1. With respect to the cross-link table entries A:K112/A:K304; A:K78/A:K223; B:K3/B:K86, which display a Cα-Cα separation exceeding 31 Å?
2. Let me know the Kirkwood hydrodynamic radius for region A:47-157, please, with Cα pairs as the basis and the value in Å to one decimal.
3. Which loop trypsin sites (Lys or Arg not before Pro) in region B:134-182, with loop taken from DSSP, have no more than 16 other Cβ atoms within 10 angstrom of their Cβ?
4. Compute the Rg to Rh ratio over region A:29-91 from the alpha carbon atoms, using the Kirkwood formula for Rh, and round to two decimal places.
5. Working from Cα positions, state the angle (0 to 90°, nearest 10) between the long axis of helix B:295-307 and the longest principal axis of chain B.
6. If you place +1 on the Cβ of every Lys and Arg and -1 on the Cβ of every Asp and Glu, how big does the dipole about the Cα centre of region B:22-139 come out, in debye to the nearest 20?
7. Between exposed GluC sites (Glu not before Pro) in chain B, where DSSP calls loop and at most 16 other Cβ atoms lie within 10 Å, what's the longest gap?
8. Per-residue HN-Hα couplings for region A:152-165, Karplus 6.51 cos²θ - 1.76 cosθ + 1.60 at θ = phi - 60°, whole Hz, x for Gly and Pro?
Amino acid sequence: MYSTSTQKREWTYTPEKLAAVRLEINITFRQKYESVMKPEELELFVTPEEELRMQRSIEDAALKFADKFRPHIWPSVKWTALSFFKRAFLVWVPSDTSIRMVMMACFYLAMKIDEFYITIEDFVRNMNVGDPRQNAERILKLEPELMKCLNYNLTVHCPYRPFEGHLMDMKTRMLLLNFDLESIRRDSMRFFQHALQTDVLLLYPPSQIALAAINYGLHAQGKSDEILREFLRKLIGIEEDSWAARDARPEDLEKLEKTVTRVNQILKEVEKQYVAVTEQERESHKSQLSRIQALIPELDERRKAEWEAGGRIGQMPGAVTEQPVDSDDE
Amino acid sequence: MSKIRECKKCKSNEYTNKQLVMMINECGHPLCKNCVDNIFALNSGNCHVCARVLRKNGFREQIYDDPLIDKETFLRRKLRKVYNLKQDDFETLKEFGDYQERFETLVYNLVFETNVNETNAEIQAFEEKNKEKIDRNKRRLDDDQKWIEDQLRDERQMKARMTEHMETDARDKENATAVTDTRKIMDELRDSNVAAEVILDRERKKQIEKELEEKEEQEKRKRRNKEMLQTRKRAAENMSFNTVIRIAGRAYLHQPLELVINGPPMPNASQIESMGYLAHIRNATPDLIAGGYTSALGCSRALFEARIDLFAF
């Protein structure tokens, strides 16, 4: 049940809060190395916006990976994995981790959570980079780290089942539609695919996202919001008849309006945030990441030197916890 | 007592029958009183274990839990009536010891039923041979019995002395108060100028009241004792092992749990069927149904998830 889940309690944000969290982890990471940084290296430290684009390019690649995955995975695995990924990078910074491997670990974990049984051997066979044995080892090592980072909140409520629910409700209640409701399915699935590369899964309940997908499908069929309104009226129990409508309770009408607004807000959000990642962008992210990750061991050395030069001995406080989760050595 | 007493024949035991009385005959196989009444209605019958012919009046109440011990004490007592020779009937201590040892052997033989015929013959021979001594000893007590008698007598005397002492004490006390009372009355009669009849009347009245009070008190005490006895008896009769109903705290009031959906209302199970939802979901295959799944279940799950927090803004 979503309303009592950790997803709602811990991992659902307002847009402002989300931006604040991202800014904070970015600043913390920057502060850690600021004192030992040379000016020409400063440009390697990216802004939160750039970090987000890096995430998007990985997500894009991951969705392609998921579509090519054999055996075919069901969509909720994708949703779960990407939710894990997005949540993880509200704690970690992309520069500090091998972001690609984290994504693979997210998928591997999501398959377990979603009861899509697969062995690690079969899993790494689907990866086309790196040595299979090494990949397997790294994924398995990352998995507990990832779970810890997620605070073991592993249940993800996906919008696919609510989508089926809405569709079933529509088919049952809207008997006077002059088109086949099944025709919206393809477009709705495309909407979900786009939504996966946005922040909506950190912002809205799955039932609303599902309704947005329905509306997206209806729009793609050239229908207006009126169908959605009528559907909601029937769900809430507001009479369409103008005479009876006078008796409708104002809070019901308010709910209807708010839901329509929210659905369109989600649609707009997805439209705005979903920007296909270009090949060029991906390459630049890749080189940027590899440069900073090559630099980090050296920066750590410098921090240690500074620590010792300051007359302090022993291990730096927090040095163990600040170890990078896994270095990208591809 | 670790073991429950149970009749081997009718399987009734102390729990099922609170008035269970176990009986035992010379063969040492216990039976409950009901069974004895049933089986030995014609005064004789066979033992249900060893099929020995027994008579109804041979049954006695079983005192010890172990039937073997019960049998032994019974036989021992019976045999003592014959073997009642005292130490001074023998010339030496060794002879007396041999006699006692022999007695134990006989008891053992009878209890475990080894060489019963020989044993009985020996007992009979002994009885005939020592007839005089046995008859004489019937009235004679040995040292141990004498000692016990002495002790009992002492105790009785002690008790009697105590009660006597207490009674005299009480009487003395009463006399003392009576004496002061009469003296007080005499003084009053002499000194006051109230009529003598009035004073005497008053005193008589007082006395009667006192007597009445005492009587009442005694009756009350008697009644209380009787009540106590009765309640105890009743409790013993109605002893029960049921859970005791204790009244503590407020009574539990069931309130059905409220499911907060924060969305449009859920159709219930019958509505899902009647509104035709099931036409839009895959039919459950037989193996899924065998596993407890119905298509209505899947349907309601999808509908529920579509509604939950739909109005969370």
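None of the figures in this text is laboratory data; all of them are computed from the coordinates on show. The structure displayed is predicted, hence computed values, not measured ones. Positions of Cβ are backbone-derived with ideal geometry, glycine not excepted, and every protein chain shown enters the neighbour counts.
1. Details: A:K112/A:K304 40 Å; A:K78/A:K223 29 Å; B:K3/B:K86 40 Å.
Those over the limit are A:K112/A:K304; B:K3/B:K86.
2. Values: mean 1/r = 0.0715 Å⁻¹.
Taking every pair of different Cα atoms in region A:47-157, averaging 1/r and inverting gives 14.0 Å.
3. Working: sites: B:R136, B:K138, B:R139, B:R140, B:K146, B:R153, B:R156, B:K159, B:R161, B:R171, B:K173; in loops: B:R140.
Here the trypsin sites (Lys or Arg not before Pro) that fit, given the DSSP loop and packing criteria, are B:R140.
4. Details: Rg = 16.3 Å, Rh = 14.0 Å.
Rg divided by Rh gives 1.16.
5. Taking the Cα atoms of chain B, the angle to B:295-307 is about 70 degrees.
6. Numbers: 20 positive and 21 negative charges, 112 e Å.
Here the size comes out at about 540 debye.
7. Numbers: sites that count: B:E14, B:E91, B:E113, B:E258.
Of all site-free stretches, the longest is B:114-257.
8. 6, 8, 9, 7, 10, 8, 8, x, 5, 5, x, 4, 4, x
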